[in-house]
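K.L.:
What follows is a structure written as structure tokens; I'll ask about it next.
Throughout, read-outs are computed from the coordinates displayed, never taken from laboratory work. It should be emphasised that the depicted structure is a prediction, and the values quoted were computed from it without experimental measurement. No Cβ is skipped: glycine too gets one built from the backbone with ideal geometry, and neighbour counts run over all protein chains shown.
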Amino acid sequence: MNAGRGILAVAGFPLRRLLAPQRVILAALGAAFPAGVMLAVRRIAGDLDRDFAVVLLYALVPEALCMLGLLVTMCPAVADELERGTWQHVSVRPGGRRSLLLGTFLAAVTWTAAVALFALALALLAAGLPGSGRLAAVFAALIVVSCVGRAALFSLPAVIVPKRALVASVAAAFVVEYLAGFLPAVVNQLTVSLRLRSLLVRWMGWERALPAELQLLIDTQPTWVHIMAVVALASVMLFAAGVILARRQFPPAEEA
Amino acid sequence: MIRLEHATKLYGTVIGVNDLTVELGPGAHGLLGPNGAGKTTLLGLITGQLRPTMGRVTIFGERPFGNPRVLARIGYCPAADLLERRATPREWVTYLVRLAGRDRHTAVRAATAALERVGLGEAADRPLVTLSKGMRQRTKLAGAIAHDPDLLVLDEPFVGLDPVARHDLVTLVRGWTTSRSLLVASHLLHEIEALDAGLAVILGGRLVASGDVDEIHALVDCLPAEVRLEADRPRRLAEIACTSGLADGLRFEGPAGLAIATHDPRALAAALAAAAVAEGITIMSLAAGDRSLEGVFDRLVQLHRGIGSGAGPRPAAPAGLAAEAAR
């Protein structure tokens with residue numbers, strides 16, 4: 001109960017920071033980008049092929065936009081506190097470190113998912129695809145899965161190398177999500193990108209139509225397995241980040 | 001209440017706190033030391049932000065690092081300025097109280113009471129970025145006391161405050177010590193003096209003296225001050241100083257310089273001036289050493305490092321002082 005209060009208290013703070021006018025304008029620009037791409041493609045190619053539009057939408061929203069949003073919101077979890085001189089205030093509270101991590105995670109997921117859902121709505125309008133209601137539901141679920149999994153992934157660099165978290169997170173995203181994630185081996189089971197692709201294929205009903213070589217890049221297990229896998233991955237990564245943060249010490253000179 | 005046994009904190013090869021053993025009971029305590037002495041590191045160990053590399057730190061009988069039972073009983077006001085910009089003092093203090101595990105309504109009530117207590121009631125809803133440094137300092141203090149801790153730890157709490165705000169804060173903190181414990185770190189003796197606190201002097205990460213204010217003053221008094229002069233006949237002035245009985249020690253500095261350690265710099269200066277007039281000695285400069293706390297720090301640093309004792313004897317530490325400087 002007490003832990004929940006602390007987490008909610010922390011989540012409110014970064015969310016308030018993210019609601020600063022400059023941040024909102026940047027988020028709105030980011031959200032408009034997928035719609036802009038859709039409009040540009042439509043202008044060049046005429047009416048969009050539905051499957052192509054879905055793949056493009058997938059690349060732009062649950063992948064690119066969510067990744068960027070989480071890089072901006074999750075990576076500075078600890079670095080921001082050190083820079084603002086607030087780390088000492090938070091770390092001397094009982095459960096303050098855990099609340100900081102989980103509260104920032106909650107704020108990052110909430111903010112990024114909200115921006116991505118807005119971007120999705122704009123992009124679907126711009127694409128003018130039939131059956132947009134179902135597509136919206138599929139992509140909304142993918143956005144949530146992407147945000148939860150990737151925010152947990154970025155929590156590790158945020159606590160291990162707070163002052164280089166952005167660079168480390170980009171490297172982690174590249175190596176884990178786009179290198180290991182595309183390897184047709186057991187290691188890709190530990191990535192969020194495999195789960196997202198597999199869910200997209202399943203929910204779009206593309207399993208049988210997919211060429212054999214692309215079948216290697218997905219997992220045909222049921223939906224609940226993918227969801228549970230992402231939840232398990234996120235839990236393990238957040239737990240590891242929590243343990244690391246609980247043991248972190250920052251000499252006074254490193255603060256502020 | 002606070003117990004450190006051979007506590008050492010290393011940052012790589014840099015020593016933050018060096019083999020420090022001290023026990024502080026309930027009540028008010030001041031931690032004195034110049035900048036870089038290790039005060040903030042010591043407070044970091046006490047408030048559970050840092051773990052000792054060697055030795056043991058216990059607060060209320062338990063290790064503080066990562067221990068929610070201990071942390072719940074500590075209120076900490078760090079020295080670093082609060083750079084949170086958009087939040088108001090009320091939001092900030094409420095946030096900290098909620099982090100201590102209180103529900104929202106209790107936290108708002110506690111924050112409001114704490115802000116009233118530090119005199120920030122009217123500015124409680126202005127963004128922190130619009131407040132003066134003194135007001136932000138009060139906000140930090142409100143954040144430290146709002147959850148009603150048993151031990152309040154303040155790191156340089158009076159920095160940046162005008163005299164009125166300083167007086168108000170001293171009054172507030174003195175009121176706090178009537179029922180609970182307080183540890184204040186500062187590099188200014190008079191700030192600690194105003195709190196009627198016991199004192200511990202730290203230098204180079206080591207405890208060099210401890211006692212009450214009177215004992216520290218006795219240390220100041222027993223430390224010889226240094227009178228430095230430049231004259232055309234320094235050897236003759238050295239003879240005069242030695243025969244006057246006022247010099248505890250002396251050394252020559254170059255062909256014209258002379259440094260004399262004395263417990264009565266005013267009388268020595270008068271004696272030297274009179275002799276200079278009588279014998280036609282030209283004194284180019286004459287300056288008495290600093291006997292303020294900074295001067296004492298300088299002297300203790302020299303003694304701590306085993307240098308600078310040529311111009312006088314080591315201080316005879318009054319009873320009750322740790323006087324580890326001689327180690």
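K.L.:
Let me know the charge dipole size of the protein assembly as shown about its Cα centre in debye, to the nearest 20, where only the beta-carbon of Lys, Arg (+1) and Asp, Glu (-1) is charged.
P.N.:
On the way: 57 positive and 49 negative charges, 389 e Å.
About 1860 debye.
K.L.:
Excluding residues fewer than 8 places away in the same chain, name every one of the lysines whose C-alpha is closer than 25 Å to that of B:Lys9.
P.N.:
A:Lys163, B:Lys39
K.L.:
Arrange the following residues from fewest to most other Cβ atoms within 10 Å of their Cβ: B:Ser132, A:Ser146, A:Ser193, A:Ser91. All intermediate terms of the calculation are to be shown ahead of the outcome.
P.N.:
Numbers: B:Ser132 13, A:Ser146 31, A:Ser193 23, A:Ser91 27.
Fewest-to-most Cβ neighbours within 10 Å comes out as B:Ser132, A:Ser193, A:Ser91, A:Ser146.
K.L.:
How many percent of the alpha carbon pairs in the stretch A:109-186 exceed a separation of 18 Å? Don't jump to the answer; show the numbers that get you there.
P.N.:
Values: 1661 of 3003 pairs.
Distances greater than 18 Å cover 55 percent of the Cα pairs.
K.L.:
Starting from the amide H of B:Gly249, placed 1.01 Å from N in the peptide plane, find each other amide H under 5 Å away whose residue is 5 or more places distant or on another chain.
P.N.:
B:Ala261
K.L.:
Could I ask something else about it? Which whole-Hz couplings ³J(HN,Hα) result when phi for each residue of the stretch B:185-196 is put into the Karplus expression 6.51 cos²θ - 1.76 cosθ + 1.60, θ = phi - 60°, listed in order with x for Gly and Pro?
P.N.:
9, 7, 9, 10, 4, 5, 5, 6, 4, 5, 8, 6
K.L.:
So what is the diffusion coefficient of the stretch A:96-147 in µm² per second by Stokes-Einstein at 25 °C and 0.890 mPa s, using a Kirkwood Rh over Cα pairs? Present the calculation step by step, with values, prior to reporting the outcome.
P.N.:
Details: Rh = 12.1 Å.
For the chosen part, D equals 202 µm²/s.
K.L.:
Enumerate the amide H contacts of B:His29 below 5 Å, restricted to partners 5 or more residues apart or on another chain; note that Pro and chain-start residues carry no placed amide H.
P.N.:
B:Leu182, B:Leu183, B:Val184, B:Gly198
K.L.:
What are the ³J(HN,Hα) values, in whole Hz, obtained from phi via the Karplus relation 6.51 cos²θ - 1.76 cosθ + 1.60 with θ = phi - 60°, for each residue of the stretch A:190-199 in sequence order, with x given for Gly and Pro?
P.N.:
8, 10, 6, 4, 4, 5, 5, 4, 5, 5
K.L.:
Shifting gears a bit: Based on the Cα coordinates of chain A, what is the per residue volume of their convex hull in Å³?
P.N.:
Per-residue hull volume (Cα only) is 134 Å³.
K.L.:
Could you tell me, in Å, what Rg and Dmax come out for the Cα atoms of chain B?
P.N.:
23.9, 81
K.L.:
Please work out, to two decimal places, the log10 of the ratio I(q)/I(0) at q = 0.16, 0.19 Å⁻¹ from a Debye calculation in which every Cα of the stretch B:94-211 carries one identical scatterer.
P.N.:
The Cα Debye sum returns log10 ratios of -0.80, -1.06.
K.L.:
Rg over Rh of the protein assembly as shown, using C-alpha atoms and the Kirkwood radius, what does it come to?
P.N.:
Values: Rg = 32.2 Å, Rh = 27.9 Å.
That ratio equals 1.15.
K.L.:
Just to be sure I understand: with springs between alpha-carbon atoms less than 10 Å apart, which residue in A:Leu19, A:Leu199, A:Leu65 has the highest mean-square fluctuation in the Gaussian network model of chain A?
P.N.:
A:Leu19
K.L.:
So for the stretch B:55-117, Kirkwood radius off the Cα pairs, Stokes-Einstein at 25 °C and 0.890 mPa s: how many µm² s⁻¹?
P.N.:
Numbers: Rh = 13.4 Å.
D = 183 µm²/s.
K.L.:
Arrange A:Arg17, B:Arg126 by Cβ neighbour counts within 10 Å, fewest through most, would you? Display every interim value, and only then the final one.
P.N.:
Numbers: A:Arg17 19, B:Arg126 14.
If I rank by nearby Cβ atoms, fewest first, I get B:Arg126, A:Arg17.
K.L.:
In µm²/s, what is D for the stretch B:1-148 at 25 °C and 0.890 mPa s, where D = kT/(6 pi eta Rh) by Stokes-Einstein and Rh is the Kirkwood radius from Cα pairs? Mind showing how you got there, number by number?
P.N.:
Details: Rh = 16.6 Å.
Result for D is 148 µm²/s.
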